[in-house]
Amino acid sequence: MADKQARRIAKFIAPLRVKPGSRVDLERDFDPRYKARMKKRKGTELLRTGVALLAEYQAKLAAQDAYGVLLCLQAIDAGGKDGTIRHVMSGVNPQGVHVSSFKVPSAEELDHDYLWRYAQRLPARGEIAIFNRSHYEEVLVVRVHPENLDRQRLPEEAKGPDVWERRYREINDWERYLCDNGFKVVKIFLNLSNEEQRTRFLKRIDLPEKNWKFSGADVRERARWDDYQRAFSEMISATSTPWAPWYVVPADRKWFARISAAAVLAHTLTEIDPRYPAVGKKARKELRAAKRRLEREAPEGAARDPYAAGREAERGV
Ligand code: ATP
Ligand code: MG
């Protein structure tokens, strides 16, 4: 049963995965409106199942305490990162998840190597960490606006024309190191169309309760649409690896983006296949001794084991 479910999830996300080594041209290869011939109602139902499944896996991941998961979310403005995180993680225990949002780096952050601030937010074993924007900004916004690179105060020899190729390699190496040490890295790019971004910006302007989400910088960045698409395509081509693949999730329909993201995360967890730790012989003996002791403490008239009695009553024994 569990295997069947895992196979279904794997099949669902297969068309979204970027084959390592392939050259991606986002606009040519991925349709932001793709929805796998699914109806919205079916999608909403699936998301509910997916969220419950994630909660179950996360509990096991935490109990096993051996693996960690890092989910990186990248998108153009208004791509739906926040809503995706809110919906996908809605069922999980907040103690096992950490969300970090990365904005313009601080002076302290700029005083370190470029991966420093991301390294500090990595998951511990048993945890899921979500990066809302991630180390990939270092080859996206920093590339589209090279003045960001100047602010990083690199020595002359470290900022030559090969800097982006080098960063791709360094990022791949870093992710491989994490993966080899039990931290799975999974990367989602929310692929929004130009027209849907226009519509979402207008909504943010038209609805007073959404005004706070909009800034003039958003339209200025939109003017660089083609540069961003190029940077996204190159980044995805260079950094989709067997150990940390990219998934390009169609983002024009929020409901489909959310089930896809939930499925990608669920797939990562099915691959880890975390288990509750088995209790050894000695520990089981201890459990039995403790049970006997607690049963002896039962007050006058109370069941010896109220929990077991309740379960028996439920089963009609
Ligand atoms: P929202 O979708 O709600 O607008 P957001 O992630 O866009 O959320 P903002 O505060 O609007 O958050 O923007 C964060 C800004 O930080 C983005 O414009 C992004 O390009 C910028 N940023 C992130 N990482 C870096 C970086 N390493 N160097 C320079 N700028 C960065
Ligand atoms: Mg923004």
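The values are calculated or read from the model by the stated rules, or taken from the named source; none is laboratory data. Because the structure is predicted, anything quoted here is derived from the model rather than measured. No Cβ is skipped: glycine too gets one built from the backbone with ideal geometry, and neighbour counts run over all protein chains shown. Please note that ligands, DNA and RNA were not included when accessible areas were found on the heavy atoms of the full protein model with its side chains. Shrake-Rupley method; radii C 1.70, N 1.55, O 1.52, S 1.80 Å.
Nearest 0.05, what FRET efficiency do Arg288 and Ala223 give at R0 = 51 Å with Cβ-Cβ as r? Spell out each step's value before the answer.
Values: r = 70 Å, r/R0 = 1.38.
FRET efficiency, Arg288 to Ala223: 0.15.
Evaluate the relative contact order of the stretch 2-272 (contact order divided by residue number), counting alpha-carbon pairs under 8 angstrom at least 6 apart; express in whole percent.
About 38 percent, as a whole number.
Just to confirm, what accessible area per residue do you get for the stretch 190-274 at 1.4 Å probe, in whole Å²?
Value for the stretch 190-274: 41 Å² per residue.
Relative to the longest principal axis of the chain, what angle (0 to 90°, nearest 10) does the C-alpha long axis of helix 163-180 take?
10 degrees
Probe radius 1.4 Å, ligands and nucleic acids left out: which of Leu149, Leu202 has the largest accessible area, and how do the rest follow? Walk me through the intermediate numbers first.
Numbers: Leu149 15, Leu202 75 Å².
Largest accessible area first, the list is Leu202, Leu149.
Measuring from label point to label point, each 7 Å out along Cα→Cβ, what is the Asn194 to Ser106 span in nm?
With each label placed 7 Å out from Cα toward Cβ, I get 3.9 nm.
Looking at the stretch 197-243, I'd like the Rg to Rh ratio, where Rg is from alpha-carbon atoms and Rh is Kirkwood's inverse mean 1/r.
Across the stretch 197-243, the Cα-based Rg/Rh ratio is 1.18.
What is the percent carbon and sulfur in the accessible area of the chain, measuring with a 1.4 Å probe over the protein chains and ignoring ligands?
Carbon and sulfur together cover 51 percent of it.
Rounded to the nearest 10 Å², what accessible area does Phe201 have for a 1.4 Å probe in the complete protein model?
Using a 1.4 Å probe on the heavy atoms, I get roughly 10 Å².
Between the helical axis of 40-64 and the dominant principal axis of the chain, each derived from Cα atoms, what acute angle in degrees is found, rounded to the nearest 10?
70 degrees
What accessible area, in Å² to the nearest ten, does a 1.4 Å probe give for Phe30?
Per-residue accessible area (Phe30): approximately 40 Å².
Using 1/(1 + (r/R0)^6) with R0 = 35 angstrom and r between the beta carbons of Asp3 and Asp180, what's the FRET efficiency to the nearest 0.05? Could the numbers behind the result be given before it?
Working: r = 26 Å, r/R0 = 0.75.
It comes out at approximately 0.85.
Which lysines, if any, have their Cα less than 21 Å from the Cα of Lys213, not counting same-chain residues under 8 positions apart?
Lys81, Lys103, Lys203, Lys254
Run through the stretch 53-138 and list the trypsin sites (Lys or Arg not before Pro) located in a DSSP loop whose Cβ has at most 14 other Cβ atoms within 10 Å.
Lys103, Arg125
Going by a ≥ b ≥ c, the root eigenvalues of the Cα gyration tensor, does the stretch 278-317 fall in the rounded group (a/c under 1.5), the prolate group (a/b larger than b/c) or the oblate group?
On the way: a/c = 4.82, a/b = 1.45, b/c = 3.33.
Because a/c hits 1.5 or more and a/b fails to exceed b/c, the stretch 278-317 counts as oblate.
For the pair Ala119 and Leu154, what calculated FRET efficiency results from E = 1/(1 + (r/R0)^6), where r is the Cβ-Cβ distance and R0 = 25 Å, to the nearest 0.05?
Efficiency for this residue pair is about 0.90.
Based on the alpha-carbon gyration tensor of the stretch 162-203 and its eigenvalue square roots a ≥ b ≥ c, which shape applies: rounded if a/c is under 1.5, prolate if not and a/b is larger than b/c, or oblate? Walk me through the intermediate numbers first.
Details: a/c = 5.50, a/b = 2.06, b/c = 2.67.
Oblate shape, in that a/c is at least 1.5 and b/c is the bigger or equal ratio.
Under the rule of -39500 (n - 2.57) per DSSP H run of 4 or more residues, summed and divided by the residues of the chain, what mean residue ellipticity at 222 nm is obtained, to the nearest 500 deg cm²/dmol?
Estimated from H runs of four or more residues: -15500 deg cm²/dmol.
Give the value in nm², to one decimal: projected area of the alpha carbon convex hull of the chain, averaged over all directions.
For the Cα atoms of the chain, the hull's average projected area reads 23.0 nm².
Mind checking the angle between helix 281-296 and the chain's longest principal axis? C-alpha axes, 0 to 90 degrees, to the nearest 10.
That helix lies at roughly 60 degrees to the long axis.
Could you state how much accessible area Thr84 has, in square angstrom rounded to the nearest 10, with a 1.4 Å probe and all protein chains kept in place?
10 Å²
Can you pull out the trypsin sites (Lys or Arg not before Pro) in the stretch 227-297 that DSSP calls coil and that have at most 14 other Cβ atoms within 10 Å?
Arg275
Of Tyr228, Tyr177, Tyr118, which has the most accessible area and how do the rest follow, probe 1.4 Å?
On the way: Tyr228 20, Tyr177 135, Tyr118 0 Å².
Accessible-area ranking of Tyr228, Tyr177, Tyr118, largest first: Tyr177, Tyr228, Tyr118.
Can you tell me what percent of all Cα-Cα pairs in the stretch 222-317 are more than 21 Å apart?
Here the tail beyond 21 Å accounts for 68 percent of pairs.
No solvent, one uniform scatterer per C-alpha: report log10 I(q)/I(0) for the stretch 64-115 via the Debye equation at q = 0.14, 0.29, 0.31 1/Å, two decimals.
Cα-only, vacuum Debye calculation for the stretch 64-115: -0.56, -1.20, -1.28.
What does the highest-first list of 65-72, 238-245, 310-317 look like by mean Cβ count within 10 Å? Spell out each step's value before the answer.
Working: 65-72: 20.6, 238-245: 18.6, 310-317: 8.9.
Result, highest mean Cβ count within 10 Å first: 65-72, 238-245, 310-317.
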